[in-house]
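Below is one structure, written out as structure tokens; the observations come after it.
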Amino acid sequence: MSGTIEQPRFTCALGSCQSVVAIKKGVPILHSGPGCGGQISRLIGQGEGYAGGSTAPCTNAEEADVVFGGEKKLRSVIENSFKVIDGDIYVVLTGCTAAITGDDIAAVTGEFQEEDKPIVYVEEGGFRSNNYASHERLVNAIIDQYVDKFKYSDEKEEGLVNVFASIPYQDPYWSGNLEGIKKVLTDIGLKVNILFGNESDGVEEWKRIPNAQFNIVIGPWVGVKIAKHLKVKYGQPFLQFPYLPIGAIETSRFLRSVAEFGHLDEIRVENYIKKEEAKYYAHIEKMADFMLEFRYGIPRRVYTIADSSYALGFSKFLLNELGIIPGPQYIVDDIPEKYQDRVKEEFDNISILQKRTVEVVFDPDAGKNQLRLEEDAKNYEDKRILILGSSWDKNLADKLHADLLIISVPVQHRLIMNCGYTGYEGGLRAIEDIYDRVLATYR
């Protein structure tokens with residue numbers, strides 16, 4: 001992908017600093033120009049966490065560092081970060097300036113690693129990729145430079161799994177989504193290394209990565225390189241579920257896939273699914289009269305401008321559980337071509353009842369996607385529509401008299417704390433949020 005795009009819904013490679021912030025007492029150390037970390041935080045973060053945003057140590061590289069190099073300044077910033085910030089793990093991330101000047105980050109960081117300091121380096125350069133790809137490189141760097149050094153053992157622990165799912169902060173609901181995934185997996189008898197957020201034990205959990213029996217990747221592409229790396233490094237097989245499981249149908253499908261792959265107690269898993277589905281549909285049934293009477297007031301068509309995992313997860317949920325038909329789906333996470341066929345295949349099999357064709361557009365240019373959406377929506381002026389997008393889509397939604405559910409960054413019209421859409425409870429929350437927006441604009 002080259003050229004200029006409008007409204008990019010991801011950041012440069014340095015955006016993986018937000019993944020560090022999501023680790024308990026994780027401290028990103030930015031070897032970059034002034035303002036880089038703040039811009040990233042403003043685009044994909046709500047709140048600075050323990051040591052993010054303006055709190056993150058930074059070398060504030062300037063012209064003199066380009067001419068003479070910034071290694072001395074980096075060494076000083078690292079030394080003082082250890083003195084000032086009480087962190088459990090420190091990660092040095094390079095920006096464009098350091099990548100261009102060729103500072104030897106490995107050598108500088110290596111001095112502290114030789115002293116057994118909990119520090120890792122990732123040589124990025126913001127221009128090299130986006131934060132989807134750099135998130136994978138960050139996780140693999142922590143595994144290679146920290147976990148492998150401080151791990152407890154390579155012995156496998158029965159029932160322990162590593163989960164690689166939502167990218168912290170890039171997914172605005174990452175915290176709630178990871179909590180939802182951990183809950184359903186724990187409920188069927190697994191022990192889960194979720195690695196990020198409040199449900200993680202921080203670095204102590206990362207040290208147990210080698211002890212997992214197998215790994216679970218949730219999404220069509222991000223996390224696959226991590227799982228393949230762990231398969232080679234620690235001999236761990238992995239299961240890939242290609243989208244976020246939202247609601248009863250897909251959560252049950254997800255749990256059955258995990259149970260089959262991990263040879264879990266089938267009776268226990270099915271009993272749990274039966275119990276959760278009974279609760280889930282009890283809530284649906286008590287609102288059935290309202291939903292039936294209001295059926296002409298709900299959106300009949302849904303458009304998505306979001307990443308591939310969300311587009312798939314929500315499209316399957318909305319079609320099969322609420323009867324909202326997917327229009328064109330605009331995928332903006334710059335997904336590599338080799339993974340696109342899998343996404344198309346999932347959309348081709350989106351309906352559980354009949355064959356249905358869904359148009360999929362892979363283009364990170366959200367500006368162009370807005371124009372495409374507006375043009376397609378002209379054919380449905382007599383129908384109410386739902387847009388799944390970001391705050392940048394609010395004006396478009398207002399123009400089309402559409403309902404907007406924000407599921408993508410940037411998020412400027414909603415405060416998100418622990419809301420998540422994964423699992424059975426997440427599906428109910430999604431229904432509440434969608435109807436909340438519909439009722440608020442009902443005419």
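Test residue 370 against the criterion of being buried (at least 20 other Cβ atoms within 10 Å of the Cβ), part of a helix (DSSP H, G or I), in contact (Cβ under 8 Å) with a residue 12 or more places away in the chain and within 23 Å of the chain's Cα centre (by Cα), and give yes or no.
Yes: the conditions hold for residue 370.
Yes or no: residue 83 at pLDDT 90 or above and either at positive phi or surrounded by fewer than 16 Cβ atoms within 10 Å (Cβ to Cβ) (or both)?
It is true that residue 83 is at pLDDT 90 or above and either at positive phi or surrounded by fewer than 16 Cβ atoms within 10 Å (Cβ to Cβ) (or both).
Out of 433, 376, I need the residue that is more than 14 Å from residue 173 (Cβ to Cβ), at pLDDT 95 or above and not β-branched (Val, Ile, Thr). Which one?
Going through 433, 376 in turn, just one is more than 14 Å from residue 173 (Cβ to Cβ), at pLDDT 95 or above and not β-branched (Val, Ile, Thr): 376.
Within the stretch 23-43, does at least one residue satisfy the condition of being β-branched (Val, Ile, Thr) and in contact with a Lys or Arg (Cβ under 8 Å, 6 or more places away or on another chain)?
no
Scan the stretch 235-251 and tell me whether some residue there is out of contact with any helix residue (DSSP H, G or I) (no Cβ under 8 Å at 6 or more places or on another chain), under 22 Å from residue 160 (Cβ atoms) and either surrounded by fewer than 22 Cβ atoms within 10 Å (Cβ to Cβ) or without any contact (Cβ under 8 Å) to a residue 40 or more places away in the chain (or both).
Yes - at least one qualifying residue is present in the stretch 235-251.
Between 71, 48, which is of a type in the set (D, E, K, R) and at pLDDT below 90?
48
So which of 343, 358 ends up being touching a Ser or Thr at 6+ places or on another chain (Cβ under 8 Å) and within 19 Å of residue 249 (Cα to Cα)?
From the options 343, 358, the qualifying one is 343.
Take the residues of the stretch 287-319 that are farther than 23 Å from residue 364 by Cα and basic (Lys, Arg): which is surrounded by the most Cβ atoms within 10 Å (Cβ to Cβ)?
300
Contact list please: Cβ distance under 9 Å, first residue in the stretch 412-427 and in the same structural domain as residue 246 (by TED's automatic domain parsing) and more than 12 Å from residue 174 (Cβ to Cβ), second residue at pLDDT 95 or above and in a loop (DSSP other than H, G, I, E, B), pairs at least six apart or on different chains.
Close Cβ pairs (under 9 Å, with a partner that is at pLDDT 95 or above and in a loop (DSSP other than H, G, I, E, B)) do not exist here.
Can you name the strands (runs of 3 or more DSSP E) wholly within the stretch 142-254 that have at least 1 residues being over 22 Å from residue 418 (Cα atoms) and modelled with pLDDT of 95 or more?
Output list reads 160-164, 214-218, 238-241.
Just give me the residues in the stretch 373-396 being among the hydrophobic types (A, V, I, L, M, F, W, C) and free of Cβ contacts under 8 Å to residues at least 60 places away in the same chain, in sequence order.
396
Can you tell me which condition residue 287 does not meet? The list is (1) closer than 29 Å to residue 222 by Cα; (2) assigned by TED's automatic domain parsing to the domain that holds residue 400, and all the others hold.
Exception for residue 287: condition (1).
Quick one: is residue 331 among the hydrophobic types (A, V, I, L, M, F, W, C), without any contact (Cβ under 8 Å) to a residue 60 or more places away in the chain and touching a strand residue (DSSP E or B) at 6+ places or on another chain (Cβ under 9 Å)?
Considered against the rule, which asks whether it is among the hydrophobic types (A, V, I, L, M, F, W, C), without any contact (Cβ under 8 Å) to a residue 60 or more places away in the chain and touching a strand residue (DSSP E or B) at 6+ places or on another chain (Cβ under 9 Å), residue 331 comes out as yes.
Exactly one of these conditions fails for residue 357: (1) hydroxyl-bearing (Ser, Thr, Tyr); (2) over 22 Å from the mean Cα position of the chain (by Cα); (3) crowded, with 16+ Cβ neighbours inside 10 Å. Give me its number.
(3)
Quick one: is residue 76 under 18 Å from residue 138 (Cβ atoms) and part of a helix (DSSP H, G or I)?
No; evaluated as a whole, the condition is false for this residue.
The values are calculated or read from the model by the stated rules, or taken from the named source; none is laboratory data. On a predicted model such as this, the values are computed, not experimentally measured, just so you know. Reconstructed Cβ throughout: ideal geometry from the backbone, glycine too, with neighbour counts over all protein chains shown.
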